[in-house]
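Values in this text are rule-based calculations from the coordinates and carry no lab data. The structure presented is a predicted model; accordingly, all values stated were derived computationally and were not measured. Reconstructed Cβ throughout: ideal geometry from the backbone, glycine too, with neighbour counts over all protein chains shown.
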Amino acid sequence: MMPVSNKLALGIYKSYLDKEATKPKRTHMGASTLGDKCSRAIYYDFRWYDPGFKDGRILRLFETGQEEEPRVIRNLRDQGFVIRETDDNGNQIQVRDSSGHIGGSVDGIIDYVPLGYNEVGVEKCVLEVKTHSEKNFRKFDKAGVKISFPKHYTQMQVYMGMMKIPHALYLAVNKNNDELYHEFVTYDSIEHERAYNVAKEVLLSDSLPVKLRENPSWFECKMCKFHSICHMGDAPPKSCRTCAFSVPIKDGKWSCSIHEVELDKAMQQAGCDRYKIRP
């Protein structure tokens, strides 16, 4: 028998890293981040402090979750659900606030829920599809999404509030055995307002928000992708977003207070020779 080699696997993982390096960064403050307990982590994400992926396997794992979405939508349509996945231009449905900086992209909009599944009188709802490990999926045995995965709950509240849709359908998939969990979530104006206020504070902040914990060994901080920057003093990647002179302006755009120009996406990612890390 020939010896087992991981050369092929490593080559595949590297291809994911290579592709990731060429992808344009997300320019808005994603609704998926607004349920984070740490405002600094939200700020870091919005300002492109993310050091980037080091493991192509994780990127492939994320892709697995993304590829589950069209499968779930097919499953729902087979049950009689009427779902829109794209807008009038054929693009993924997006939502933004009045500043153009806060929002996200929804997995779909359900325009009709079959009577047999209409548990709480739902007429129209936002669709949110998530995949989970066996360990995380078992949390649903004891509590719903609000308690089990508050970040997902907040994400849906932001979508519902911005789109003025009173319900969301959360459908979770167990990656180990394809077990499904679903829950109709009702709009929570208090949670939406709380999350949106956090987003506005981050958007308008001239300095770093306070850390969740000063202790770098705190478990939530250790798991954060910004740990080395936040607690260990590592420098963030160079870009206009991490520069002290960049300013978010109306319509989701950015400007530079030094050069007095509007910054397009390419300029934001490149930075310039006047670059200065934000304090």
Computed over the chain: longest principal axis from alpha-carbon atoms vs helix 189-204 long axis, angle to nearest 10 degrees, is 20
GNM on the chain, Cα springs under 10 Å; top mean-square fluctuation among Trp218, Trp254, Trp48 goes to Trp218
Violations at 22 Å Cα threshold for listed pairs Lys23/Lys238; Lys135/Lys164; Lys25/Lys250; Lys139/Lys225 -> Lys135/Lys164; Lys139/Lys225
Kirkwood Rh for the chain from C-alpha pairs, in Å, is 20.7
With only helices counted (DSSP H, runs n ≥ 4, each -39500 (n - 2.57)), the per-residue ellipticity at 222 nm for the chain, to the nearest 500, works out to -10500 deg cm²/dmol
Sorted on mean Cβ neighbours within 10 Å (highest first), peptides 151-164, 130-143 come out as 151-164, 130-143
Output ordering of 26-38, 81-93 (per-residue mean of other Cβ within 10 Å, highest first) is 26-38, 81-93
